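Okay, so here's the structure we're looking at.
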Amino acid sequence: MFDKDDAARELAQKHYEIEAGITHILRFTGHADVEILPSEPIKLLEVNQDTVPSGVMPIQFAASPANGIPFTTVIVEVTPDEFDKIQKNELKLPLSWVNSDEIPRKQESVGK
């Protein structure tokens with residue numbers, strides 16, 4: 001059984017694999033007392049150079065235990081320009097998105 005951190009990393013890697021335009025994925029967490037609740041969703045910010053600018057539009061997805069993601073997920077997909085605006089505080093994320101850590105793309109092994 002995955003914990004929320006494992007599930008977030010697994011989901012991010014799947015998204016990197018299917019979306020060539022994704023340059024960064026950041027996992028956001030809220031306050032610890034809320035984040036420990038199983039009902040609190042995984043929150044991902046995906047920077048995708050192939051998406052269209054639409055501002056911050058959180059999209060919620062139901063848990064999918066059969067696919068290895070046993071938690072609800074909320075994803076915000078932004079362009080690199082929108083990401084720059086988020087970093088400059090010109091574009092705001094939801095208030096509950098407090099802390100972030102980047103989930104790097106796994107490097108594929110060479111010469112399998």
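Odds and ends about this structure:
- Region 1-27, subset touching an Asp or Glu at 6+ places or on another chain (Cβ under 7 Å) and assigned to a strand (DSSP E or B), residue surrounded by the fewest Cβ atoms within 10 Å (Cβ to Cβ): HIS24
- Condition met for GLU82 (more than 13 Å from the chain's Cα centre (by Cα), surrounded by 11 or more Cβ atoms within 10 Å (Cβ to Cβ) and closer than 19 Å to GLY21 by Cβ): yes
- Counting only strands (runs of 3 or more DSSP E) that fall entirely inside region 57-112 and contain at least 2 residues that are among the aromatic types (Phe, Trp, Tyr) and under 13 Å from ALA8 (Cβ atoms), no element qualifies.
- Of the residues making up region 20-32, those that are under 14 Å from the mean Cα position of the chain (by Cα) and modelled with pLDDT of 95 or more are ILE22, THR23, HIS24, ILE25, LEU26, ARG27, PHE28.
- Set side by side, the residues VAL98, VAL74, VAL47, VAL34 differ, and just one is within 24 Å of LYS4 (Cα to Cα) and loosely packed, with under 15 Cβ neighbours inside 10 Å, which is VAL34.
- Taking the conditions (1) modelled with pLDDT under 95; (2) surrounded by fewer than 16 Cβ atoms within 10 Å (Cβ to Cβ); (3) not in a strand (DSSP E or B); (4) not hydrophobic (A, V, I, L, M, F, W, C) in turn, PRO53 satisfies each one other than (1).
Residues are listed down the side, and each one gets a yes or a no for (1) more than 11 Å from PHE83 (Cβ to Cβ); (2) touching a Ser or Thr at 6+ places or on another chain (Cβ under 7 Å); (3) among the aliphatic types (A, V, I, L, M):
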residue: THR23; (1), (2), (3): no, no, no
residue: LEU26; (1), (2), (3): no, yes, yes
residue: GLU35; (1), (2), (3): yes, yes, no
residue: GLU46; (1), (2), (3): no, no, no
residue: VAL52; (1), (2), (3): yes, no, yes
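- Subset of region 28-43 [free of Cβ contacts under 8 Å to residues at least 40 places away in the same chain and in a strand (DSSP E or B)]: ILE42
The values are calculated or read from the model by the stated rules, or taken from the named source; none is laboratory data. Quantities reported herein were computed from a predicted structural model and do not represent experimental measurements. Glycine gets a Cβ as well: all are built from the backbone with ideal geometry, and neighbour counts include every protein chain shown.
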